[in-house]
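The values are calculated or read from the model by the stated rules, or taken from the named source; none is laboratory data. This one's a predicted model, so the numbers in the text were calculated from it and none came from an experiment. So basically every Cβ, Gly included, is an ideal-geometry build from the backbone, and we count neighbours across all protein chains shown.
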Amino acid sequence: MSRGKRWLTTRELAEELGLSPTTVRRLLEEGRIKGVRLGHWWRIPREELDRILRDGLQEELREGLATPGELEAGKEGGANG
């Protein structure tokens, strides 16, 4: 992914965090990750990924919500974001 990209899809964020796109959408819907809903699609500001990584929240998000099946699906590419 290009570092200059301003907005991320759920799939791109999932790949960066090692989660499934389904888990990322759930986190967005619960307000644990900030994003903008455009119809059926979510877009996440690049700054949100930077915040998650900077604050060390990646493992917390991974351990707090994702099941082992979702983690594995995230590694394999999962569903469309």
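Can you tell me how many residues in the range 23-45 are of a type in the set (S, T, N, Q) and either at pLDDT 95 or above or not in a helix (DSSP H, G or I) (or both)?
Let us first name the residues in the range 23-45 that are of a type in the set (S, T, N, Q), namely 23.
In the following step, the residues that additionally are either at pLDDT 95 or above or not in a helix (DSSP H, G or I) (or both) were identified as none.
Residues flagged as of a type in the set (S, T, N, Q) and either at pLDDT 95 or above or not in a helix (DSSP H, G or I) (or both) within the range 23-45 amount to 0.
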_Tally of residues being free of Cβ contacts under 8 Å to residues at least 24 places away in the same chain and aliphatic (A, V, I, L, M) across the range 1-35_ = 2
